[in-house]
Amino acid sequence: MKQETELGQQAGQNIMMTARNVSVFYGGKMAVNDVSIDISKDDVTAFIGPSGCGKSTFLRSFNRMNDTIPNARVEGRIELDGEDIYASGMDVVQLRARVGMVFQKPNPFPKSIYENVAYGPRIHGLAAGKTALDEIVQRSLRRAGLWEEVKDRLTDSGTALSGGQQQRLCIARAIAVDPEVILMDEPASALDPIATAKIEELIHELRGRYAIVIVTHNMQQAARVSQRTAFFHLGNLVEYGDTSQIFTNPRETRTKDYITGRYG
Amino acid sequence: MRNPSLSLTAILLLVLGLGLAGWFAARAKARAFARPGETRPHSLPSYHGWYVLLWAVLPALLFLGVWSSVSGGLVMQAVMDSPAAANLPGFEMQRQAIFTEARALADGTKTAAFNPQATALAPVFAEATTRYTIIATVVALLLAFSGGAFAFTRVSPGFRARTKVERLVMAALLIASLIAILTTLGIVASLLFEALRFFSMVSPIEFLFGLNWSPQTAIRADQAGSSGAFGAIPLFWGTIFIGAIIAMIVAIPLGLMSAIFLTQYASATVRRWMKPLLEILAGVPTVVYGYFAALTVAPAVRGFAVALGIPGSSESALAAGLVMGIMIIPFVSSMADDSIAAVPQAMRDGSLALGATSSETIKKVLVPAALPGVVGGVLLAVSRAIGETMIVVMAAGLAANLTINPFESVTTVTTQIVQLLTGDQEFDSPKTLAAFALGLVLFIVTLLLNIVALRVVKKYREAYE
């Protein structure tokens, strides 16, 4: 309980999501072990840690994407605005509309750029007509910093874009359903440095409008884009705090060793 | 050594024996210079062995292959030149009969001959056979020995036996693959020549666009009731109606839906059981489907038609098409299964993460992405369906009706080919030759469908890799 109160105090004022004693199992294997964390509405929260530490698995439990994996089981409690997302009455479709996700590898649908962005609004019935839908598509592409590059070729296939553009298209797609939280699972790990810089810039701009949780391998990236950082190791949450504190003055030796590059 | 086939086996064994001896000798020689401390030889000892063996065996085998095709003629020539053959009858068939008997006597498969002239010729035959067998044996062994010896002298530490053996293996594999292709070309050529003969009697325009099919031609001039009309449109229509329309109306939705169920909804256990069960359908002999169509489905279809007040025939397009559709389901389902499974998981995750339900994801993302593969599978299925024979022979009927009523009997290209070629036929009448023209059309259409299907599938693959 000591850890929990400590974490609660550390979180910012506006708490968007809370996880309490969350464990995730793949079959009999425990991937995440009893993690409690608060996600602030106004900050970018970074999950860092070596490969296989459970950070992606933990991230995927925030919008129940683990449901799609056979044998995956989540224990504990995760709340979105005080509502238990694993409660039996929770509609997964609604949840995922509120908690969007961007994946490691850009995964635009093999449809036009326009259709990619319009996909979410269409299935959720967010736009009343063609003009409203056009507006949503344009706004989302603008927010994702892609509008200027694609405005003349909205009917081109989304898969014809470059890797970095594809990833920004995927972010635009996630934004289009107007989520409250955006989960990003190593969004820049498949991109070159210039595309990565654009994604990081975009994350900066999106901060405040959406609660953002980003999983990353790249510690410099975590330091650049996030205000809060959680360090995971072997399925455990080792340390969670302000990014500046984690990177300059970690309390735990394991965190310090990882950040100074001693392992991972 | 009297039986030539027996002696051929003996020569083969001798040659192989020589080759084997060469293998051991070359390997021993190569091992001798593969001593530690010295520079490593280029190839392993066994490669030298194979090199010598191939040199010993292949030329000899090649010679024997050529020999077996000409030795019969040589023996014949010797017999014809002998004095005993001087007063043979001039009539070809009589002479052949005597030769056959004489050869049987010489081989020892017969002990007494019907014709005294055969008895006289037998020793000549035996003598000639023996002489040529000895020649063949000596030449083959000489070839084997000199080939092996030549190769053996080349065995040295620097000799690249491995490269040579590899090259030969490649050549052998190339020949193996060429055989299948050349056979196909031969089939096409034979089909083409017979079809051309047909088209010299019946104009291609009439054949391809004529609406009346009645291939019975008169054998004698005074025979009645044999118009000999070769308009194949009713057959083409029947084929398309059954194979491409009715069968696909059955197979595409069922195949696609079962593929979606198996890939997206079924648990691992269900999938493990259902997929092989479905694939068993593809292994059922088509004649069994034919029984099913003729004995079970066709009467049911007729009963249904009669209940509707439509005059139904006991052989109907619907019965054949339904059963053919069932037969095709595994093809469609397995192609659709493959192409849905090939859509990256990331696509599915992307859709689900936006809050789409499973069925929305399937409808809007998976199926469109998998569509080219599915279309390719359907085209392959169509090409199989229109070439299918047993079901339509048993259930579709023979009447060349040009109709869109599925309860009526129609006939197909394959059914007519069977009809035209069954029984005793003369191969110079347009009736029989029409079968080859039909076969050619079927072949071309199937080929085109396959090419298009493969291109579609390939293009789709490029999108993800």
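If you take just the helices (runs of 4 or more DSSP H) that sit entirely in region A:205-261, which of them hold at least 1 residues that are basic (Lys, Arg) and crowded, with 20+ Cβ neighbours inside 10 Å? If you could, list the steps in order and put the result at the bottom.
Details: elements: A:219-225, A:243-248, A:253-259.
In region A:205-261, no matching helices (runs of 4 or more DSSP H) lie anywhere.
Test A:Glu135 against the criterion of being more than 11 Å from every other protein chain (Cβ to nearest Cβ), of a type in the set (D, E, K, R), part of a helix (DSSP H, G or I) and farther than 30 Å from A:His233 by Cβ, and give yes or no. Taking the combined requirement at face value, the residue satisfies it. A:Arg73 meets the conditions (1) more than 14 Å from every other protein chain (Cβ to nearest Cβ); (2) closer than 25 Å to A:Glu239 by Cβ in every case but one. The failed one is (2).
Residues satisfying the criterion are absent from region B:187-209 (criterion: surrounded by 12 or more Cβ atoms within 10 Å (Cβ to Cβ), of a type in the set (Phe, Trp, Tyr) and either in the same structural domain as B:Gly49 (by TED's automatic domain parsing) or not in a helix (DSSP H, G or I) (or both)).
Looking only at residues in region B:368-416 that are of a type in the set (Gly, Ala, Ser) and touching a Leu at 6+ places or on another chain (Cβ under 8 Å), which one is nearest to the other protein chains (Cβ to nearest Cβ)? So the residue we want is B:Gly376. Checked against the criterion of being polar (S, T, N, Q), assigned to a loop (DSSP other than H, G, I, E, B) and at pLDDT 75 or above, the candidates B:Ser71, B:Ser43 yield just one match: B:Ser43. Would you check if A:Tyr114 is surrounded by fewer than 21 Cβ atoms within 10 Å (Cβ to Cβ), within 26 Å of A:Ala172 (Cα to Cα) and either among the aromatic types (Phe, Trp, Tyr) or within 14 Å of another protein chain (Cβ to nearest Cβ) (or both)? Answer is yes for this residue.
Taken over region A:71-89, the criterion of being surrounded by 14 or more Cβ atoms within 10 Å (Cβ to Cβ) and in a loop (DSSP other than H, G, I, E, B) is satisfied by A:Ile85, A:Tyr86. Can you spot a residue in region B:400-410 that is under 30 Å from A:Lys111 (Cβ atoms) and in contact with a strand residue (DSSP E or B) (Cβ under 7 Å, 6 or more places away or on another chain)? Scanning region B:400-410, I find no residue that is under 30 Å from A:Lys111 (Cβ atoms) and in contact with a strand residue (DSSP E or B) (Cβ under 7 Å, 6 or more places away or on another chain), so the answer is no.
Quick check on B:Pro157: is it touching a residue at least 60 places away in the same chain (Cβ under 8 Å) and either outside any helix (DSSP H, G or I) or outside the structural domain of B:Val15 (by TED's automatic domain parsing) (or both)? Talk me through it step by step, then tell me what you get.
Values: touching a residue at least 60 places away in the same chain (Cβ under 8 Å): yes; either outside any helix (DSSP H, G or I) or outside the structural domain of B:Val15 (by TED's automatic domain parsing) (or both): yes.
Yes; evaluated as a whole, the condition is true for this residue.
Among the residues of region B:33-84, those that are under 25 Å from B:Ile11 (Cβ atoms) and β-branched (Val, Ile, Thr) comprise B:Val52, B:Val57, B:Val66, B:Val70, B:Val75, B:Val79.
From the list B:Val365, B:Val456, which one is within 14 Å of chain A (Cβ to nearest Cβ) and crowded, with 17+ Cβ neighbours inside 10 Å?
Details: B:Val456 fails: within 14 Å of chain A (Cβ to nearest Cβ).
The conditions single out B:Val365.
The sole residue among A:Leu202, A:Leu161 that is farther than 22 Å from A:Ile48 by Cα and more than 12 Å from chain B (Cβ to nearest Cβ) is A:Leu161. Checking the structure you have, find out if any residue of region B:236-254 is at pLDDT below 90, surrounded by fewer than 21 Cβ atoms within 10 Å (Cβ to Cβ), outside any strand (DSSP E or B) and of a type in the set (Val, Ile, Thr). Looking for residues that are at pLDDT below 90, surrounded by fewer than 21 Cβ atoms within 10 Å (Cβ to Cβ), outside any strand (DSSP E or B) and of a type in the set (Val, Ile, Thr), one finds none in region B:236-254, hence no.
When you check A:Phe103 against the structure, is it of a type in the set (Phe, Trp, Tyr), farther than 18 Å from A:Ile39 by Cα and either crowded, with 18+ Cβ neighbours inside 10 Å or under 17 Å from the mean Cα position of the chain (by Cα) (or both), yes or no? Yes. Considering (1) part of a loop (DSSP other than H, G, I, E, B); (2) away from chain B (no Cβ under 14 Å); (3) surrounded by fewer than 24 Cβ atoms within 10 Å (Cβ to Cβ), the lone condition that A:Asp178 does not fulfil carries the number (2).
The values are calculated or read from the model by the stated rules, or taken from the named source; none is laboratory data. Because the structure is a prediction, the values reported are computed rather than measured. Ideal geometry is used to build each Cβ from the backbone, glycine not excepted, and the neighbour counts take in all protein chains shown.
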